[in-house]
Amino acid sequence: MNSFKLGIITPDRSFPPTDVVSLNVPADKGPLTVLAHHQPMICCVNKGKAKITHADGKEELWTVEPGMLTVEREIVTLLVQNITSAAART
């Protein structure tokens, strides 16, 4: 399964990049799913739930505050005001 690196940065902390297979975020124009080899882009992220699916199949649900998302060839970066774990499931 194709994966990509996801880094998360808030004003208070940053998470080291980790391998994920998908990221779902509440974007400014509706829900957005990022997969490996996604077209490079920058978009606004709204307050809401984000779901991260790791390369090992583990899914995490997070609550995100507004911010932005950058998708580059090598890494996806989620820059938000705050992020908290909402639930974790496998």
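Of note:
- Residue in the stretch 41-55 that is modelled with pLDDT under 95, among the basic types (Lys, Arg), out of contact with any helix residue (DSSP H, G or I) (no Cβ under 9 Å at 6 or more places or on another chain) and not in a strand (DSSP E or B) present: no
- Flag for Ile42 being under 14 Å from Ser85 (Cβ atoms) and out of contact with any Cys (no Cβ under 9 Å at 6 or more places or on another chain): no
- In the stretch 19-34, of all residues being part of a strand (DSSP E or B) and loosely packed, with under 15 Cβ neighbours inside 10 Å, the one that is farthest from the chain's Cα centre (by Cα) corresponds to Gly30.
- Close pairs (9 angstrom Cβ cut-off, 6 or more residues apart or separate chains): in a loop (DSSP other than H, G, I, E, B) in the stretch 57-77, aromatic (Phe, Trp, Tyr) anywhere: Glu74/Phe4
The values are calculated or read from the model by the stated rules, or taken from the named source; none is laboratory data. Not measured: the values here are computed from a predicted model. When we count neighbours, we look across all protein chains shown, and the Cβ atoms used for this are built from the backbone with ideal geometry, even at glycine.
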